[in-house]
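All remarks here apply to the structure that follows.
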Amino acid sequence: MGDLYALDFDGVLCDSCGETAISAVKAAKVRWPDLFVTVDSSLEDWIVDQMHIVRPVVETGYETLLLVRLLLEMRIPSLRKSSVAEGLTVEGILDNWFNIKPVIMEAWSENRDELVDLFGKVRDEWMEKDLATWVGANRLYPGVSDALKFASSQLYIVTTKQGRFADALLRELAGITIPPERIYGLGTGPKVEVLKKLQKQPEHQGLTLHFVEDRLATLKNVIKEPELDGWNLYLGDWGYNTQKEREEAATYSRIHLLQLSDFSKKLK
């Protein structure tokens, strides 16, 4: 009958880590100007470098603002407003972000929706002002562009990124337009709910269902839902995950570890 692929965007199709880190620093300066007034370009570069290391913990873009501030507090003790930063390392963030996040949100009196809006606004402004450098700070993984262009399967994008940014990058970097009704972005509900919706659609009956993701936590959420037992699950080993997570993924019979070259072949 054919195949349906639900594809995550960041860490599966697109390496957006550079752009995300730079946008997060820009947004953090707007959100907490007093803290960033003393930050020089070398400290900024250090933060951007560290953001590449901690990227696997990020589920939704706004969290990158929190990470930027946390890294700053780790580096400069006099700026600390949260006890969490004391003695914390990037390894500590990788191991424990799930527990750290609510503590710093409370310590800094932060609001999720306001951070989401600000992060989107900063990206919009960068795109409007200088689309070429915004696009250039992102890259599609090797082979992805052709794989998407020549795919014989039905493709859906299921991402926590705001849909308009995924759409812009696919157009600019791959030269393809995926219809808006096939892009499920931030605000369309949790990924497990999107997968349930996709499998129920009459036109998808009889298709073999595949979900490609780079976050192990997301795949574990899918496994918890008996209703989603029909999906073939893949962890892209080229994305934002750690060796430890890839080893854990290998212990789940439902999860296939996927390499980039195999991914491109699958879509064709």
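Brief remarks follow.
- Set against the 2.2 N^0.38 Å expectation for a compact globular protein, the stretch 16-132 has a Cα radius of gyration ratio of 0.99.
- The stretch 81-210 - accessible surface per residue (Å², probe 1.4 Å): 52
- Reachable lysines, given that their alpha-carbon falls under 18 Å from the alpha-carbon of LYS121 and they are not under 8 places away in the same chain: LYS26, LYS29, LYS129, LYS161
- Each listed q (0.13, 0.19, 0.20, 0.32 Å⁻¹) maps to a log10 I(q)/I(0) for the stretch 1-49, found by the Debye formula over equal Cα scatterers with no solvent: -0.45, -0.70, -0.74, -1.18.
- Under 22 Å of direct C-alpha separation, and excluding same-chain neighbours fewer than eight residues apart, LYS265 reaches these lysines: LYS149.
- Highest to lowest packing among 39-45, 182-188, 9-15, 208-214, scored as the average C-beta count within 10 Å: 9-15, 208-214, 182-188, 39-45
- When you count the other C-beta atoms within 10 angstrom of each residue and take the mean per peptide, 228-234, 248-254 line up highest first as 228-234, 248-254.
- Prolate/oblate/rounded call for the stretch 54-96, Cα gyration tensor, a/c under 1.5 rounded: oblate
- Carbon + sulfur, % of accessible area of the chain - ligands and nucleic acids excluded, 1.4 Å: 50
- Helical runs (DSSP H, four residues minimum) scored at -39500 (n - 2.57) apiece and divided by the length of the chain put the mean residue ellipticity at 222 nm at -15000 deg cm²/dmol.
- Rounded, prolate or oblate (a/c below 1.5 giving rounded, otherwise prolate when a/b exceeds b/c) for the chain by Cα gyration tensor: prolate
The values are calculated or read from the model by the stated rules, or taken from the named source; none is laboratory data. Not measured: the values here are computed from a predicted model. Cβ atoms come from the backbone with ideal geometry, glycine included; neighbour counts cover every protein chain shown. Note: accessible area is taken over every heavy atom of the protein model, side chains too, but ligands, DNA and RNA are not part of it. Shrake-Rupley method; radii C 1.70, N 1.55, O 1.52, S 1.80 Å.
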